[in-house]
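What follows draws every value from the coordinates through simple rules; no lab data is involved. Small disclaimer: the values here were computed from a predicted structure and weren't measured. So basically every Cβ, Gly included, is an ideal-geometry build from the backbone, and we count neighbours across all protein chains shown.
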Amino acid sequence: MNESTSPYRGSKLQGAENFHNWQLGIMSFLMFSGGIHIWTTKEPSDEKDTSKMQHAWSLIIQSLSEPVMNSLSEEVEDFNNPSAFKLFTELKMSYSAVSGANKAHLIAQLIGASISEGEDPIPPWSD
């Protein structure tokens, strides 16, 4: 489906730099179009919810830039078994600023160092 026939007219997810604005746009569009709350609904409860989940998955896919779409795991891009919840969760884990901050904190804990904001996390090779 090309952009001219897609019902979604918001910005495409480019990466971490526009995740927050993209998230607001796609969530409001899904709510407006009668979609289910994909951020809380893991499995559809009936045929109507299944249809809504498939619709939500399709709209989210259409809202992704080509580089983001190319980075999706096989599990979430499976159009034979679409899960808007899994797709949204993967995108959030990959591009959310909160997720990025959590990753930096975990790395700091793993290497046993306290890294101040703006400080280079990689120690110099020579002292």
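Structure notes:
- With each label modelled as a point 7 angstrom along the Cα→C-beta vector, the T89-L24 pair spans 2.7 nm.
- Net charge of neighbours whose Cβ lies under 14 Å from the Cβ of L91, counting Lys and Arg as +1 and Asp and Glu as -1: -1
- What the Cβ-Cβ distance of D78 and E47 gives, at R0 = 22 Å and to the nearest 0.05, is a FRET efficiency of 0.70.
- Across the range 18-29, rounded Karplus estimates of 3J(HN,Hα) from the backbone phi angles (6.51 cos²θ - 1.76 cosθ + 1.60, θ = phi - 60°) give 10, 4, 4, 5, 4, 4, 4, x, 5, 5, 5, 5 Hz, Gly and Pro being marked x.
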